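Worksheet: one structure, shown below.
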Amino acid sequence: MAFTRSAGILLHPTSLPGPDGIGDLGPEAYRWVNFLAESGCSLWQILPLGPTGYGDSPYQCFSAFAGNPYLVSPALLLEDGLLASEDLADRPEFPPERVDFGPVIQWKITLLDRAYRRFKRSSSQKRKAAFEEFQAANASWLPDFALFMAIKESQGGVSWDNWPEPLRRREPEALAAFSADNADSIQRHIFRQFLFFRQWDALHRYTAGKKIQIIGDVPIFVAFDSADAWSHPELFYFDEHGKPTVVAGVPPDYFSATGQLWGNPLYRWDYHRQTGYAWWVERVKSALSVVDIIRLDHFRGFAAYWEVKFGDPTAEKGRWVPGPGADLFEVIRGALGSLPIIAEDLGEITPDVIAMRDQLGLPGMKILQFAFAADPEDLFLPHNYVRNCVAYTGTHDNDTTLGWYQSAPENERDLARRYLARSGEDIAWDMIRAVWSSVAVYALAPLQDFLSLGNEARMNYPGRASGNWTWRFPAYALDEMLKARIKETNFLYSRLPEHMKPPKIVKKWT
């Protein structure tokens, strides 16, 4: 796939404004897409869209294929006749500036259940037929996911390795008996997915109509407590009791003396290879049905990954194990025809990772916040970029640019001011201009940087188990002045989409 010079904004839908405590796929999402289009942005980058579990992290989802039902818009359900105005009368008062996940989840589940009951009572044959078609189209993952969620619900939410053995081991008689006794619960979870994908697909089509591509996010690993791990244990290193034997992490580095113990199950790549990487092909195909481009998280793990013995308290003791390498991606390319993938190649990157990325022709990532700790040879400085890369001021895992600048060592702040030839008083926009002016094919920044927000607006602290993913922006932030400033920056650095570019001036020599 050929990338063309463009720019965009990183914003997860949970950060959108709205009255229901969390951003969703309703009117404010369409307003956001209009803002992107009118400011000359061609890219909208989001985080994973899956159903979140413990810690509310989009990187620890109950499924690699399902959608997050908490993103379903009550306003759109009202328009569809699946909710009535009285269903919203008991809406709690939510803080507008952050997501308070506990009360939000209870409220959204209440509304989703009200919509489900109305669907069962009074839906048209056309809508019921659409529900049946949705189930048929997603038969490869949906039944297992809905069954998983229904069992989890019946067990008080505990992880599947603590379920009764017949259910944990997926014994056919036990699953059949549970399904018969809990058919309505299973249908409720299927219905929530129906609503999510109905709303997301409509928003995705609208976004495409505005000439905007959505960059999605695919984590390399899945959560242990997921329908994927429970329904396909053969894909992972599990023992006979369903416990992992080894788990994922990264070794000690500059940022952490004990490494990062992620705890995700590790793939049996030999098995994946024997099956022609069928599960991975299906996963990427599914992701590209809901987004246009994938940011593949922890790309270096496909070359080699850090394996830690299950039960170890930290990631200090581990070993590097070879991953599938380029072989996996060539199979995916053969199945799908192209690789619209951005390689997240940050951290300790070895020559084999770079070689694999370049062999596949994938753009890597550059983070400007990382550029000022050394000297002008630093590869994160814009004058050292290559065209085939995606440049950011920072990502969801970094502080905001203002927050970074306010807390950075003085030597980094000094180099930043000297490099940018600016005082630092408008550091977020100074950094945006540096990224936008680079040769990088894509330039992106979080919305927080366009709003010049500080640490209070940070989205995630890697390694912190809770208190992340809560930031939201107020509706009034997307004003005409901001739109004009972004559009002017896109114009000045030749990142406007083709249909917005002014006619070219032909210079005549006399």
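Derivation of every value follows stated rules applied to the coordinates shown; laboratory data play no part. The structure presented is a predicted model; accordingly, all values stated were derived computationally and were not measured. When we count neighbours, we look across all protein chains shown, and the Cβ atoms used for this are built from the backbone with ideal geometry, even at glycine.
Brief remarks on what is shown
- Cα shape, the stretch 1-66, gyration tensor, a/c 1.5 rule: oblate
- Charge context of Asn138, other residues only, Cβ under 15 angstrom, K/R +1, D/E -1: -2
- Taking Lys and Arg as +1 and Asp and Glu as -1, the other residues whose beta-carbon sits under 13 Å from that of Val99 total -2.
- In this structure, the amide hydrogen of Phe238, modeled 1.01 Å from its nitrogen in the peptide plane, lies closer than 5 angstrom to those of Thr245, counting only residues at least 5 positions away or on a different chain.
- Calculated from backbone phi, Karplus (6.51, -1.76, 1.60) coupling profile of the stretch 362-370 in Hz, x at Gly/Pro: 8, x, x, 10, 10, 10, 5, 4, 7
- Taken one residue at a time, the phi angles of the stretch 257-270 give Karplus couplings (6.51, -1.76, 1.60, θ = phi - 60°) of 6, 10, x, 10, 9, 6, x, 5, x, 9, 7, 7, 4, 5 Hz. Gly and Pro are set to x.
- Between helix 125-137 and the chain there is an angle of about 80 degrees, using the helix long axis and the longest principal axis of the Cα atoms.
- Karplus-based coupling profile of the stretch 92-100, in residue order and whole Hz: x, 7, 10, x, x, 9, 8, 8, 9, with θ = phi - 60° in 6.51 cos²θ - 1.76 cosθ + 1.60 and x standing for Gly or Pro.
- Built amide H within the under 5 Å cut-off of Ile342, gap 5+: Ile294, Arg295, Leu296
- Evaluated with a Cβ-only charge set (Lys, Arg +1; Asp, Glu -1), the chain carries a dipole of roughly 1720 debye about its Cα centre, given to the nearest 20.
- C-alpha center-to-center spacing [the stretch 110-133, the stretch 398-477] in angstrom: 44
- Among the listed pairs Lys211/Lys483; Lys243/Lys309; Lys285/Lys487; Lys366/Lys483; Lys210/Lys501; Lys317/Lys366, those whose Cα-Cα separation exceeds 22 Å are Lys285/Lys487; Lys366/Lys483; Lys317/Lys366.
- Electrostatic dipole magnitude of the stretch 198-338 [Cβ: Lys, Arg +1; Asp, Glu -1; Cα centre; debye, to 20]: 540
- Global form of the stretch 12-130, assessed from the alpha-carbon gyration tensor, a/c cut-off 1.5: rounded
- In the chain, the longest principal axis of the Cα atoms and the axis of helix 172-181 are about 90 degrees apart.
- For Lys366, the amide hydrogen comes within under 5 Å of the amide hydrogens of Val390, Ala391, Tyr392, counting only partners 5 or more places away or on other chains and with H modelled in the peptide plane.
- For the chain, the longest principal axis of the alpha carbon atoms and the long axis of helix 101-122 meet at an angle near 60°.
- Applying D = kT/(6 pi eta Rh) to the chain, where Rh is the Kirkwood radius over alpha-carbon pairs, T corresponds to 20 °C and eta to 1.002 mPa s, the Stokes-Einstein value obtained is 88 µm²/s.
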